[in-house]
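Colleague: This is the structure I have questions about; it appears just below.
All of the numbers you see were taken from the coordinates with simple rules; none came from a lab. The model shown is predicted, which means the values in this text are computed figures rather than measured ones. Please note: Cβ atoms are built from the backbone with ideal geometry, for glycine as well, and neighbour counts cover all protein chains shown.
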Amino acid sequence: MSIIQQILESQGLSNHDLVQLLPQKLSHKTVQKARTAKRPLSLKMQENFTEALNLALKSKKSYTREELFPKI
């Protein structure tokens with residue numbers, strides 16, 4: 001299970017919750033890709049996802065792109 005999957009499940013967030021926060025920058029498909037971590041996201045999509053996640057968490061914890069998308 002990916003770190004993103006763990007965070008979203010622990011906070012009770014769905015893909016739709018994140019897309020609603022940045023509808024011009026994120027799609028459901030992008031969030032699903034990040035969640036499963038099977039295919040890489042572009043740097044810009046990683047930044048957009050990180051921004052949406054931090055907005056959704058409302059400063060409970062702020063994540064960096066590097067924490068969410070570690071280089072393998």
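Colleague: Within the range 13-39, track down each residue that is under 15 Å from Ser2 (Cα atoms) and in contact (Cβ under 8 Å) with a residue 24 or more places away in the chain.
Modeller: Correct list: Leu13, Ala34, Arg35, Thr36, Ala37.
Colleague: Restricting attention to the range 4-20, which residues are part of a helix (DSSP H, G or I) and more than 10 Å from the chain's Cα centre (by Cα)? Walk me through it before giving the result.
Modeller: Going residue by residue through the range 4-20, those that are part of a helix (DSSP H, G or I) are 4-11, 15-20.
Correct list: Gln6, Glu9, Ser10, Gln11, His16, Asp17, Gln20.
Colleague: Looking only at the range 28-42, filter to residues that are exposed (fewer than 14 other Cβ atoms within 10 Å of the Cβ) and among the hydroxyl-bearing types (Ser, Thr, Tyr); which one of those is farthest from the chain's Cα centre (by Cα)? Can you show your working first?
Modeller: We begin by selecting, within the range 28-42, every residue exposed (fewer than 14 other Cβ atoms within 10 Å of the Cβ); these are 28-29, 32, 36, 38-40, 42.
Next, only the ones that are among the hydroxyl-bearing types (Ser, Thr, Tyr) stay: 36, 42.
On the way: Thr36: 10, Ser42: 13 Å.
Within the range 28-42, the match that is farthest from the chain's Cα centre (by Cα) is Ser42.
Colleague: Still on this model: Can you confirm whether the range 20-27 contains a residue that is surrounded by 14 or more Cβ atoms within 10 Å (Cβ to Cβ), charged (D, E, K, R) and touching a Leu at 6+ places or on another chain (Cβ under 7 Å)?
Modeller: no
Colleague: Are there any pairs, at least 6 apart or on different chains, whose C-beta atoms fall under 6 Å, with the first in the range 43-63 and without any contact (Cβ under 8 Å) to a residue 24 or more places away in the chain and the second surrounded by 14 or more Cβ atoms within 10 Å (Cβ to Cβ) and in a helix (DSSP H, G or I), and if so, which?
Modeller: From the range 43-63, the pairs are Met45/Thr30; Gln46/Arg65; Glu47/Arg65; Thr50/Arg65; Thr50/Leu68; Ser62/Asn54.
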